[in-house]
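Trainee: Take a look at this one; I'll ask things after.
The values are calculated or read from the model by the stated rules, or taken from the named source; none is laboratory data. Note that this is a predicted model, so its numbers are computed, not measured. Glycine also receives a Cβ, built like all others from the backbone with ideal geometry; neighbour counts cover every protein chain displayed. Accessible surface is based on the protein model in full, side chains and every heavy atom, while ligands, DNA and RNA are left aside. Shrake-Rupley method; radii C 1.70, N 1.55, O 1.52, S 1.80 Å.
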Amino acid sequence: MGVSGTGKSTTALLLAERLGRPLIEGDDLHPAANVEAMRAGRALTDDDRGPWLRAVRDAMTAAGGPTVVTCSSLRRSYRDVLRTAPGNVRFVHLVVPPDELARRLAERTGHFMPATLLASQLATLEPLAADEDGVDVPVTGPPESVAEDALHRLGHPPSS
C-alpha cells in the first residue's frame, strides 16, 4: 500500500516471487472511468474507489489462497473493504518522502497517474493504525532490499 510512486508494483513482484504466491496488480482492476479521470488529473472520490476496492477484494477471494496485491489502500475504510476477503489480510505500507515521490513521478512515463495528483493522495493517506495488521517499510536502497525489509518486518525468514 502507499501513494503513487512508492514502488508498490516493483516491491510486490519481488515479494510474490520470493513467497511463491500469485500477484494481483490493483491498477489493472480500475474501471475505465477511474483511469480516464486520473489521466485527466482528477482525484478519485470515495464513490469512484468503491467499485475498484470491491474488485480488488473479489480478485483476492477468487485467487483462493495467499496472494500479493498492489493497492494504494490510502484510507482505513479502504483497507476495511480489502480485509473482508477470506484469510488474514496484512498490509505493507511503503513510505517514501514527498520530495522523492515528486521526483519519481516526474520521471515516470507510461502510467495513467499524473504527478499533479500526488498532493491529493498524500492528503488522503491515513497511515496504518496500531490495531491494523501491517508494517511500515521505509523505501531506502534498491527494490530487493526493500522487499527483504518488508519480509523481515512481517516475520518471514531472510532469503538465502
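Trainee: Using 0.36 nm times the number of residues separating ASP58 and SER77, minus their current alpha carbon distance, what extension gain do you get?
Mentor: 5.2 nm
Trainee: For an R0 of 30 angstrom, estimate the FRET efficiency from the Cβ-Cβ distance between ARG42 and ASP131 and round to the nearest 0.05.
Mentor: After rounding to 0.05, the efficiency reads 0.35.
Trainee: Moving on to the next point. Using helices alone, what [θ] at 222 nm do you get for the chain, with -39,500 (n - 2.57) per DSSP H run of 4 or more residues, divided over all residues and rounded to the nearest 500?
Mentor: Here the helix-only value at 222 nm equals -14000 deg cm²/dmol.
Trainee: With a 1.4 Å probe and every protein chain kept in, tell me what percent of the accessible surface of region 13-140 is carbon plus sulfur.
Mentor: 55
Trainee: Determine the per residue accessible area of region 1-97 with all protein chains present and a 1.4 angstrom probe, expressed in square angstrom.
Mentor: Accessible surface, normalised per residue, equals 46 Å².
Trainee: Kirkwood hydrodynamic radius (Cα pairs, Å) of region 1-92?
Mentor: Averaging 1/r across every pair of different Cα atoms and inverting gives 13.5 Å.
Trainee: Here's another thing I want to ask about it. So, in nm, how far is label LEU122 from label ASP99 when the simple model puts each one 7 Å beyond its Cα toward the Cβ?
Mentor: Between LEU122 and ASP99, the label points sit 1.1 nm apart.
Trainee: Once the principal axes of the Cα atoms of the chain are found, what is the range along each, listed largest first in whole angstroms?
Mentor: Rounded to whole Å, the extents work out to 44, 33, 30 Å.
Trainee: Could you pull out the trypsin sites (Lys or Arg not before Pro) across region 36-80 that fall in loop regions by DSSP (anything but H, G, I, E, B) with no more than 12 other Cβ atoms inside 10 Å?
Mentor: On the way: sites: ARG39, ARG42, ARG49, ARG54, ARG57, ARG75, ARG76, ARG79; in loops: ARG42, ARG75.
Those that pass, being in a loop and sparsely packed, number zero.
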